[in-house]
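**Q** Could you have a look at this structure, given as structure tokens, before my questions?
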Amino acid sequence: MIRIEGVSKTFSGPGGPVEALRPVDLTILSGSFTSIIGPSGCGKSTLLRIVAGLETASTGRIANEGEQGRPGFVFQEPVLLPWLTARENVRFPLDTSGVPRAEGDRRTDELLAMIGLSSFAQALPRTLSGGMRQRVAIARALSYDPALLLMDEPFGALDLLTRDRLNDELMAIWTATRKTIVLVTHSVEEAAYLSDTVVVMSARPGAIKRIHTVDLERPRGERTKLDPRFHQLMADLRRDLA
Amino acid sequence: MTSGLRRALELPAALLGVALAWDLYVRLSGVPPYLLPAPGDVGRAIVDLATSGQLWTHLSFTLGNLAAGLALGAVLGMAAGLALARVPALERALGGPILFLQTAPKIALAPLFVIWFGLGATSKMVLVVSLVLFPVMIGMLVGLRGVDRRLIDLARLLQLSPWQRFRRIELPAALPELFVGLRVGAVQAVVGAILGEWMSGRQGLGYLMTFATATYKTPMLFAAVVLTALLGIAVYQAVDVAERRLLSWRA
């Protein structure tokens with residue numbers, strides 16, 4: 001469980017301090033799938049980066065109970081090392097943390113198979129498509145088996161078809177591993193389809209506006225997208241965002 | 001014919017063309033050999049140098065200073081670039097003096113190095129190091145500054161040690177700019193090595209040139225010039241090969 005207590009962020013800008021995030025209180029249950037949606041500049045990425053330890057909060061604290069260790073993080077762009085092959089990118093976190101070679105090999109092969117890129121293991125990132133690169137980035141984030149997976153608009157730069165497919169793959173991964181996942185997105189559909197909880201934020205300065213609990217049954221699939229409750233939820237989310 | 005084979009033959013063919021034109025000019029114009037010897041005479045001068053053992057003595061001296069100076073200059077340049085990139089205060093304090101030194105012709109320091117470091121190999125190596133150090137340092141600094149911010153985020157997320165961050169992320173990312181500096185440095189290094197030998201000492205291809213000039217041994221002078229040019233090409237090619245190996249991941 002991760003308890004975010006009174007976390008805020010103020011950046012120092014050229015015209016004085018800029019309040020990016022009002023104090024936020026949020027509890028993320030272990031094994032849950034939480035999405036954070038909001039307009040651009042609502043501080044949702046900042047909040048995620050604070051949880052990841054990439055930014056320090058100006059006030060407040062984050063109590064991490066059970067999600068210790070390096071969190072998995074997926075950026076909006078894949079952020080792969082261009083001089084390493086897909087395989088070497090996936091195992092990069094293992095190689096840099098002293099995991100034995102054989103163990104690293106086994107884990108990497110499993111992940112490459114899971115993301116369907118076994119035959120592209122030796123390919124350099126520049127030869128892969130955008131969707132493939134983001135798959136490699138996800139596999140890299142999963143390689144060290146983090147209890148917590150943080151994703152910052154991971155599918156925002158992809159076309160709709162690829163995005164839908166990766167959403168289903170992500171849901172399969174979550175179902176199989178039950179990791180605690182926090183997904184920042186600006187897609188109402190993505191948030192409604194994947195999450196247990198959807199946190200809606202308002203902009204400038206960022207603050208939590210509403211928290212929706214999603215009661216759509218799992219496993220979810222194409223039929224979920226026909227469910228009237230799914231559409232009602234999307235309508236509610238859109239209203240909150242407006 | 002494959003394109004690789006054609007490329008390999010292009011340079012020798014061009015050189016052969018130049019030599020033929022040169023030979024033809026010498027024969028037709030009747031220019032005296034102490035001004036412009038025929039390519040055949042130059043070739044004989046090279047063979048003579050080789051058979052008398054002088055070639056190896058002078059070439060190895062120049063090559064030794066060059067290689068050691070280049071290696072040392074590159075290492076020091078990388079270290080200096082890293083220090084400037086890591087400590088912004090250092091860069092603010094030293095930015096001005098460095099630019100001053102960078103724009104000043106460092107060749108002008110050569111006589112000073114002779115006074116400071118003597119007539120032997122040391123002063124020549126110091127000159128080469130001083131010529132290599134700056135472009136490599138600038139390349140390293142520019143390269144490190146240009147590293148994608150998100151790769152640094154990745155290093156923090158993965159809790160890499162400072163050494164891992166440098167070795168596994170920053171150094172490979174800075175390599176393209178580093179090689180720009182290294183190319184400039186390699187060319188300068190040859191100039192520095194020869195110049196140092198002009199100034200003082202009794203060894204090296206540069207010394208061979210001044211000796212041949214003083215004694216009107218023009219074919220020997222040309223031989224030394226040709227050997228120096230070949231040395232320069234070899235050094236540049238070595239950097240090129242290293243770059244292509246290390247940066248093969250680029251398109």
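**Q** Averaged across orientations, what area in nm² does the convex hull of the alpha carbons in the range B:83-122 project?
**A** Spelled out: convex hull of the Cα atoms, projected over all directions, averaged, 3.9 nm².
**Q** Across peptide B:158-169, how many C-beta atoms of other chains are within 10 Å of each residue C-beta, on average?
**A** For peptide B:158-169, the averaged partner shielding equals 3.
**Q** Net charge near B:R86: determine it from the other residues with C-beta under 12 Å of the C-beta of B:R86, scoring Lys and Arg +1 and Asp and Glu -1.
**A** Surrounding charge for B:R86 is 0.
**Q** Could you give me the percent of Cα pairs per 10 Å distance bin for chain A, shortest bin first, beginning at zero and ending with the bin that holds the maximum distance?
**A** Final binned percentages: 7, 31, 34, 22, 6, 0.
**Q** So, one more: What is the Cα convex hull volume of the range A:47-90 when expressed per residue in Å³?
**A** 97
**Q** To one decimal place, what Kirkwood hydrodynamic radius in Å is obtained for the protein assembly as shown from all pairs of distinct Cα atoms?
**A** 27.6
**Q** Sorted from largest to smallest, which semi-axis lengths in Å does the alpha carbon gyration tensor of the range B:53-250 give for its equivalent ellipsoid, taking the root of 5 times each eigenvalue?
**A** 37, 19, 12
**Q** Over the range B:1-150, with every protein chain in place, what whole percent of the accessible area is carbon and sulfur at 1.4 Å, could you tell me?
**A** Whole-percent figure for carbon plus sulfur exposure: 74.
**Q** Here's a follow-up. At what distance in nm do the modelled label points of B:A104 and B:W56 sit from each other, each positioned 7 Å from its Cα along Cα→Cβ?
**A** My value for the distance between the label points is 4.2 nm.
**Q** Are there chymotrypsin sites (Phe, Trp or Tyr not before Pro) in the range B:1-104 that DSSP puts in a loop and that have at most 11 other Cβ atoms within 10 Å, and which ones?
**A** Counting only loop positions with at most 11 other Cβ atoms within 10 Å, the chymotrypsin sites (Phe, Trp or Tyr not before Pro) in the range B:1-104 are B:Y34.
**Q** To continue, here is another question. Quick check: the angle from helix B:3-29's long axis to the longest principal axis of chain B, C-alpha only, nearest 10 degrees?
**A** Once rounded, the angle reads 40 degrees.
**Q** For the range B:189-251 and the range A:96-158, what is the centre-to-centre distance using only Cα atoms, to the nearest Å?
**A** Here the answer is 49 Å between Cα centres.
**Q** Cα centroid distance between the range B:29-49 and the range B:121-141, in Å?
**A** Cα centres, the range B:29-49 to the range B:121-141: 35 Å.
The values are calculated or read from the model by the stated rules, or taken from the named source; none is laboratory data. It should be emphasised that the depicted structure is a prediction, and the values quoted were computed from it without experimental measurement. Positions of Cβ are generated from backbone atoms using ideal geometry, with glycine treated the same way; all protein chains shown enter the neighbour counts. SASA here: full protein model, heavy atoms, side chains in, ligands and nucleic acids out. Shrake-Rupley method; radii C 1.70, N 1.55, O 1.52, S 1.80 Å.
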